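Structure first, then comments.
Read-outs throughout are calculated quantities, based only on the coordinates presented, and are distinct from any laboratory measurement. Bear in mind the structure is a predicted one, so any value in this text is a computation, not a measurement. Note: ideal-geometry Cβ built from the backbone for every residue, glycine included; neighbour counts use all protein chains shown.
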Amino acid sequence: METSYILLGIVVVIGLWVVFAYNRFVTFVNRVKEAWADIDVQLKRRYDLIPNLVEAVKGYVQHERGTLEKVTEARTKAMGATTVAEHAEAENMLTGALKSLFAVSEAYPDLKANTNFIELQRELSDTENKIQAARRFYNGVVQELSVALESFPSNIIGKAFGFAARDYFELGAEEQAAKQPVKVSF
């Protein structure tokens with residue numbers, strides 16, 4: 001009789017642990033989704049600012065059509081990205097195109113003095129900082145999920161219920177400068 005109570009107690013403890021571990025994974029997955037949504041909001045804000053920036057620059061840099069087209073093309077590619085890896089690649093391309101645009105703008109004093117252009121630069125710089133913070137949060141949550149999936153004994157529950165690791169939102173090694181916000185100089 002006493003043995004059956006002990007066995008029942010062990011089964012209950014294991015059952016409670018399984019429920020706790022499962023709920024922990026659900027929490028991690030939902031936090032990853034929330035963190036990606038934060039990144040997505042900031043990326044959309046960035047995409048919305050870019051056409052205004054291009055329009056502000058167009059009137060001043062008529063012979064720099066290639067730079068403006070690269071920015072527009074990079075924005076379109078970034079907006080069409082579906083996976084985390086595609087987003088990272090597209091964002092690297094967009095950051096590079098924006099840096100080229102700002103470099104070109106340095107040659108136009110009237111453009112640098114335009115209040116609309118200055119405000120757009122300021123907003124874009126603010127957005128870049130927010131993207132960087134959201135990316136750090138996302139990668140931190142992805143790391144927590146990965147650790148739980150790789151740690152014993154929670155990895156048993158993770159595998160049993162089909163929880164999977166997520167990709168980090170990393171900027172490419174070839175674009176080290178993209179790790180910093182777009183530089184705004186006056």
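Say R0 is 25 Å: what FRET efficiency, to the nearest 0.05, do R45 and Y22 get from their beta-carbon distance?
About 0.10, to the nearest 0.05.
Kindly write out, for the range 109-119 in residue order, the coupling ³J(HN,Hα) from the Karplus curve 6.51 cos²θ - 1.76 cosθ + 1.60 (θ = phi - 60°), rounded to whole Hz, with x marking Gly and Pro.
Once θ is set to phi - 60°, the couplings for the range 109-119 become x, 5, 5, 4, 8, 5, 5, 5, 5, 4, 5 Hz.
Take K159 and A133, extend 7 Å from each Cα along the Cα→Cβ direction, and tell me the distance between the two endpoints in nm.
Those two pseudo-labels are separated by 4.0 nm.
Nearest 500 deg cm²/dmol is fine: what mean residue ellipticity at 222 nm does the chain get from its DSSP H runs of n ≥ 4 alone, each adding -39,500 (n - 2.57), divided by its residue count?
-27000 deg cm²/dmol
Can you list the HN-Hα couplings for the range 16-25, worked out from phi with the Karplus curve (6.51, -1.76, 1.60; θ = phi - 60°), rounded to whole Hz and with x for Gly and Pro?
Coupling constants for the range 16-25: 5, 5, 4, 4, 4, 5, 4, 4, 5, 5 Hz.
What percent does the relative contact order of the chain come to when contacts are Cα pairs within less than 8 Å and at least six residues apart?
Reported relative contact order: 32 percent.
Spin-label point model (7 Å from Cα, Cβ direction): what's the D110 to T72 distance in nm?
2.1
Treating the beta-carbon of each Lys and Arg as +1 and of each Asp and Glu as -1, no other charges, what is the dipole magnitude of the range 100-168 about its Cα centre, to the nearest 20 debye?
Dipole of the range 100-168, to the nearest 20 debye: 300 debye.
Determine ³J(HN,Hα), in whole Hz, for all residues of the range 127-132 in sequence, where each value follows from phi through the Karplus function 6.51 cos²θ - 1.76 cosθ + 1.60 and θ = phi - 60°; x replaces Gly and Pro.
Once rounded to whole Hz, the list reads 5, 4, 5, 5, 4, 4.
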